[in-house]
Amino acid sequence: MNVHEYQAKQLFAQAGIPVPRGIPADTPEDAAKAFNELGAPMSVVKAQIHAGGRGKAGGVKLCRSADEAREAAAGMLGKPLVTHQTGPEGRIVRKVYVEAGSDIERELYVAIAVDRGSFAPVMMASAEGGMDIEELAEERPEAICRERIHPGHGLQGFQLRRLAKHLGWSGATAKAGTKVLAGLARVFNSLDCSLAEINPLIVTKGGDVIALDAKINFDSNALFRHKELLEFRDLNEEDPKEVEASKFDLNYIALDGTIGCMVNGAGLAMSTMDVIQLKGGSPANFLDVGGGANEEQVKNAFKIILSDPNVQGVLINIFGGIMKCDTIAEGVIAAAKDVELSVPLVVRLEGTNVEKGRALLEQSGVALETATSLDEAAEKIVKMTS
């Protein structure tokens, strides 16, 4: 689960990480009022969407009066903001954040993410903030300092000192900065984050260290431990099909292809998508119905796939282990009849009760093709949708 910048900054502030004063606003008038309430000679109006690159796309505006803040908010609210992370369709801006301006001396980058290679979270820091960290990592990886965070002991003092040295901190700035780094590690660990990022982390001309931006992603599998965070969820920022899938405990991710996929098991789902691509097609989604899905879940999964207007055909690839093939077949038949299937459908079943499942499909009267192997199934659906 992702959250907006202003929400992430609330969590940072609770952890003792300094952030600029700011007020969220839903209308241009609210933005003007926020500017006056902040009482700063200069403020920044920031579009609140779940995507980076807002500044380059015109989603961050400096304002020196309430009128300018009103005008900046009016230019963003209700309009799509297109960044390199949103895709060409962009994201509709429904809220802006009016933040007091800061006296910036230096911009830095700090983040924590789970590193599969290290089997632990890793803190990354660079003296070059406010830019695309991916480009920096590719062009000059030595510019990024990485410190593995021990799962049991956390971020150690010697690591904080090493990070501070890499960032060029000394004296009071080093003392303030290491408190920020330690606070970021506490946020990441205590809230089960998958990413906690500050870009830029600034040093002011007075030597203060402040989180000028904030990005937090939470591990959705751990949200049962943090029910208070659910109020931060903005369904407008999520794909409606993914929201619907979550209601039925289905793992669904929308893609930009034309062949809908329904599979049980993440590994099998990835293999199915790969084979579709190999055969010349393009998957429209990742959908894992899980090992113990029932007929109702299969039916809802089918409906979600077909709600995507880009889907020109559907491939169902099920290995019946815990989930029996006849249960899948019954769900597919019920869903196909319920939604009045209008696109080609190929079903490949294997495993427990496979003969019973195939017989149900053949006797159903539903317009579908069956296959006995993944290669055959992928070839059929690609040919039928070409």
Notebook entry, point to check: Can you give the FRET efficiency for S282 and H153, using 1/(1 + (r/R0)^6), R0 = 35 Å, r = Cβ-Cβ distance, to the nearest 0.05?
Noted result: 0.15
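Which trypsin sites (Lys or Arg not before Pro) does the range 126-233 hold that lie in a coil by DSSP with at most 11 other beta carbons within 10 Å?
The qualifying sites are K205.
Find out how many positive minus negative residues lie around P151, taking Lys and Arg as positive, Asp and Glu as negative, among other residues whose Cβ is under 13 Å from that of P151.
Every neighbour counted, the sum reads -1.
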Next item on the list: Rounded to the nearest 0.05, what FRET efficiency do K247 and S373 give with R0 = 45 Å and r taken as the Cβ-Cβ distance? Could you check?
Entry: 0.85
Next item on the list: Within the range 141-174, find all residues whose amide N lies under 12 Å from a label point positioned 7 Å from the Cα of N189 along Cα-to-beta-carbon.
Entry: 149-157
Checklist line | Percentage relative contact order, the range 21-101, counting C-alpha pairs under 8 Å, at least six apart | finding: 44
Notebook entry, point to check: Among A211, A196, A74, which one shows the biggest mean-square fluctuation in a GNM of the chain, springs joining Cα atoms closer than 10 Å?
Noted result: A74
Item checked: Mean separation of Cα contacts under 8 Å, 6 or more apart, over the residue count of the chain: relative contact order % -> 12
Check: What angle, in degrees between 0 and 90 and rounded to the nearest 10, separates the Cα long axis of helix 266-278 from the longest principal axis of the Cα atoms of the chain?
Finding: 80
Check: Can you flag which of K61/K241; K33/K227; K46/K179; K46/K165; K61/K175; K79/K279 are past 30 Å Cα-Cα?
Finding: K61/K241; K33/K227; K46/K165; K61/K175; K79/K279
Notebook entry, point to check: How far is helix 295-306 tilted, in degrees, relative to the longest principal axis of the Cα atoms in the chain, given as a value from 0 to 90 rounded to the nearest 10?
Noted result: 70
Check: Where does the Debye-calculated log10 I(q)/I(0) of the range 239-385 sit at q = 0.12, 0.15, 0.17, 0.18 Å⁻¹, using only Cα point scatterers of equal weight, no solvent?
Finding: -0.39, -0.63, -0.84, -0.96
Check: Which FRET efficiency value, to the nearest 0.05, is calculated for L62 and S342 with the Förster distance at 35 angstrom and r the Cβ-Cβ distance?
Finding: 0.10
Item checked: Linear extension gain, Q10 paired with F224, 0.36 nm per residue minus alpha-carbon span -> 75.0 nm
Next item on the list: Could you tell me, in Å, what Rg and Dmax come out for the Cα atoms of the chain?
Entry: 25.0, 79
Check: In which sequence would E99, E71, E135 go, from the one with the fewest C-beta neighbours within 10 Å to the one with the most?
Finding: E135, E71, E99
Next item on the list: Give the shape of the range 21-101 as rounded, prolate or oblate, defined through the alpha-carbon gyration tensor: a ≥ b ≥ c are the square roots of its eigenvalues, a/c under 1.5 means rounded, and otherwise the shape is prolate if a/b is larger than b/c and oblate if not.
Entry: prolate
Notebook entry, point to check: How much length is gained on full extension from S307 to D26, taking 0.36 nm per residue of separation minus their Cα-Cα distance?
Noted result: 98.1 nm
Margin query: Report the gain in length on full extension from E71 to S170: 0.36 nm times residue separation, minus Cα-Cα distance, nm rounded to one decimal.
Written below: 31.5 nm
Next item on the list: Go ahead and set up a Gaussian network model of the chain, Cα springs under 10 Å, then flag whichever of A113, A100, A335 fluctuates most.
Entry: A335
Check: Where does helix 374-385 land angle-wise versus the long Cα axis of the chain, in degrees 0 to 90, nearest 10?
Finding: 80
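For the range 294-375, take N as its residue count and report Rg(C-alpha) divided by 2.2 N^0.38 Å.
Compared with the compact-globule rule of thumb, the range 294-375 sits at 0.99.
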Check: Ordered by packing density, taken as the mean number of other Cβ atoms within 10 Å over each peptide's residues, highest first, how do 336-346, 260-270 rank?
Finding: 260-270, 336-346
Margin query: Quick check: Cα centre of the range 1-20 to Cα centre of the range 178-254, how many Å?
Written below: 9
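Values in this text are rule-based calculations from the coordinates and carry no lab data. Keep in mind the model is a prediction, meaning the values are calculated, not measured. Don't worry about glycine lacking a Cβ; one is built from the backbone with ideal geometry, like all the others, and counts go over all protein chains shown.
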